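Here's the structure, in structure tokens; my notes come after.
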Amino acid sequence: MINIAVNSFPKMLTTREMVEHLKEKNIKFEKISDRKAERYLKYNNNYYNLTSYKNNFEKYTRGNLTDKFIDLDFAYLIDLSIIDMRTRNLLFKMITDIEHYLKMKVLNTIERLPDEDGYNIVNKFLEKDYNEDKKVHKSILAKVGNTYYERIFSKYDMDENRKLENIPIWEFVEIITFGEFIRFYEFYTKE
């Protein structure tokens, strides 16, 4: 066990102290009042997350304000956090739509291939994964205890010491992550 003195850790600040601490760094409260900033920190966003955006702003390099922020208002940090959240939400929606489209494209294409039964391509991919880094195997096996996947996994031998096989494509695309699906998609398009 590591024994670290409690005094070496930063003190937990109240929202009032957080505002004062930001003022010490030359962060202004002109576009939003101290009181509104405190309420924002208390109910909308945490200090650590919100103040991470301050690193995108310049600091003075000399004089009595060295290492203090230049023309940074707390309202700008709020704006950036909102832009970040909205961007992440939009990207997430786009990515899930792209993932769905690609899955449907793969399933529809495989359905039209005369030599593909929906198992063969997955078995080839799992064989390759098993012989390389087993990342997909490990990821799938990590989900075995999840009740969401229980119905799917109950049909397969999920021995972690053996290669996974005979999972149909229509179930396989639903149990792998998006990153794993991209890996499968790249394999599938080369096969």
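Coordinate-derived values only; no laboratory data. The shown structure was predicted, so the numbers you read here are calculated from the model rather than taken from an experiment. FYI the Cβ positions are ideal-geometry reconstructions off the backbone, even for glycines, and counts take in every protein chain you see.
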Exercise for review: List every residue whose amide H lies under 5 Å from the amide H of K28, counting only residues 5 or more places away in sequence or on a different chain, with H placed 1.01 Å from N in the peptide plane.
Suggested key: L72, D73, F74
Check your understanding: What are the lysines whose alpha-carbon lies under 17 Å from the alpha-carbon of K190, with same-chain residues fewer than 8 places away excluded?
Key -> K103, K105, K124, K128
Point to revise | Efficiency of FRET between Y47 and Y149 - r from beta-carbon atoms, R0 35 angstrom, step 0.05 | key: 0.40
**Study point:** Helix 178-190 vs. the chain, principal-axis angle (Cα, 0 to 90°, nearest 10)
**Key:** 40
Practice item. Using only Cα atoms, tell me the angle between helix 74-112 and the longest principal axis of the chain; keep it within 0 to 90° and round to the nearest 10. Key: 10
Review point. Of M12, M94, M104, which has the largest mean-square fluctuation in a 10 Å C-alpha GNM of the chain?
Key: M12
Practice item. Would you mind working out the magnitude of the charge dipole of the range 8-85 relative to its Cα centre, with +1 at each Lys and Arg C-beta and -1 at each Asp and Glu C-beta, to the nearest 20 Debye? Key: 180
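Using only helices, what value at 222 nm comes out for the chain when you add -39,500 (n - 2.57) per DSSP H run of length 4 or more and divide by the total residues, to the nearest 500 deg cm²/dmol?
So the calculated ellipticity at 222 nm is -17500 deg cm²/dmol.
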Revision key, fill the gap. Most fluctuating of L164, L65, L41 in the GNM of the chain (C-alpha, under 10 Å) is L65
Practice item. Identify which of D79, D67, D97 has the largest mean-square fluctuation in a Gaussian network model of the chain, with springs joining Cα atoms closer than 10 Å. Key: D67
Practice item. Just tell me which lysines come within less than 19 Å, Cα to Cα, of K54; anything on the same chain fewer than 8 places away is out. Key: K23, K25, K28, K31, K36, K42, K68
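Grab the Cα-Cα distance for N89 and K23, subtract it from 0.36 nm times how many residues apart they are, and report the gain in nm with one decimal.
Result for the pair: 20.6 nm of gain on full extension.
Please work out the Cα convex hull volume for the range 113-190 and give it in Å³ per residue.
Numbers: hull volume 7.3 nm³, N = 78.
That works out to 94 Å³ per residue.
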Check your understanding: Calculated from the structure, Cα Rg over 2.2 N^0.38 Å equals which of [x] 1.02; [y] 1.60; [z] 1.10?
Key -> [y]
Review point. Against the longest principal axis of the chain, how steep is helix 120-131, in degrees 0 to 90 to the nearest 10, with axes from Cα atoms?
Key: 60
